[in-house]
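Each remark here refers to the structure printed beneath this line.
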Amino acid sequence: MLWAILGTDRADQYALDFDTYIKWKAVASLLPQDNDRRLFQLSAGRLVLESLIPSVEPYDAGRDGLGEALPAIKSLLQEAKSRGLIGAFSLDASDYDPNFWSAEPGAATTALSITIDQPVGLYASLQLGGEGVGIKPDLIGSAITAYLQACGVSAEGQPYFVDPVYRPNPDDYQPSQLILDFTLRPMRPPPS
């Protein structure tokens, strides 16, 4: 199922990125509304999550905090790495403090930063982002968002593409890292 989203040949990065770009560009043309694109992105994230760690179960993180979610996200990243979907990764959840985890209005948010080396679809994401299409094949970020939302966490994220090597000429920019910066907060329970 995951390879239907990505394409078939993981060994040829350029072919994979081109195939991914074409498929996601087609989806974007079929879904002109931003909300429909966000729903598609979330659906793709759920499929990736189910493909990588089908045994993961959501829980009530709004009430219980991120104690279970952070190890689950790390497991997701480790599985993605073992399947060749990403290179190295790091996860920074140092901003999380269970004492300040609250859905109350005005409560502090929690920052979660994930750095991923060589994610599949990186160049397709760059191209689609540059075209302003409004949808990107950020499958790992979408899977993390889908998991967090299933746990009752609002996860607003922003991807950044980074070239870890300083290059004085901007034309030589060659990003190989994806930084996912999430702002997390418990979703407010519906009024009773």
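The values are calculated or read from the model by the stated rules, or taken from the named source; none is laboratory data. None of the values given here were measured: they were computed from a predicted structure. Cβ coordinates were reconstructed from backbone atoms using ideal geometry, including for glycine residues, and neighbour counts include every protein chain displayed. Please note that ligands, DNA and RNA were not included when accessible areas were found on the heavy atoms of the full protein model with its side chains. Shrake-Rupley method; radii C 1.70, N 1.55, O 1.52, S 1.80 Å.
Some notes on this structure:
- Odd one out for S154, checked against (1) out of contact with any Lys or Arg (no Cβ under 9 Å at 6 or more places or on another chain); (2) outside any helix (DSSP H, G or I); (3) of a type in the set (S, T, Y): (1)
- Scope region 138-153; condition open to solvent by 30 Å² or more (accessible area, probe 1.4 Å) and under 18 Å from T109 (Cβ atoms); matching residues: Q149
- Residue within region 38-52 that is surrounded by 15 or more Cβ atoms within 10 Å (Cβ to Cβ), in contact with a Pro (Cβ under 9 Å, 6 or more places away or on another chain) and not in a helix (DSSP H, G or I) present: no
- Within region 154-184, the set of residues being open to solvent by 40 Å² or more (accessible area, probe 1.4 Å), closer than 17 Å to T110 by Cα and either modelled with pLDDT under 95 or out of contact with any strand residue (DSSP E or B) (no Cβ under 8 Å at 6 or more places or on another chain) (or both) comprises E156, G157, Q158.
- Restricting attention to region 54-65, the residues that are touching a Phe, Trp or Tyr at 6+ places or on another chain (Cβ under 9 Å) and under 18 Å from I140 (Cβ atoms) add up to 2.
- Residues satisfying the stated conditions in region 1-31, i.e. exposed (fewer than 15 other Cβ atoms within 10 Å of the Cβ) and at pLDDT 90 or above: I22, A26, S29, L30
Table: residues versus (1) in a helix (DSSP H, G or I); (2) open to solvent by 20 Å² or more (accessible area, probe 1.4 Å); (3) touching a residue at least 12 places away in the same chain (Cβ under 8 Å); (4) touching a helix residue (DSSP H, G or I) at 6+ places or on another chain (Cβ under 7 Å).
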| residue | (1), (2), (3), (4) |
| --- | --- |
| L66 | no, no, yes, no |
| P71 | yes, yes, no, no |
| K74 | yes, yes, yes, no |
| K81 | yes, yes, no, no |
| L91 | no, yes, yes, yes |
| A103 | no, yes, yes, yes |
| A124 | yes, no, yes, yes |
| Q127 | yes, yes, yes, yes |
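- Residues in region 84-102 that are of a type outside the set (F, W, Y) and under 17 Å from Y147 (Cβ atoms): L85, I86, L91, A93.
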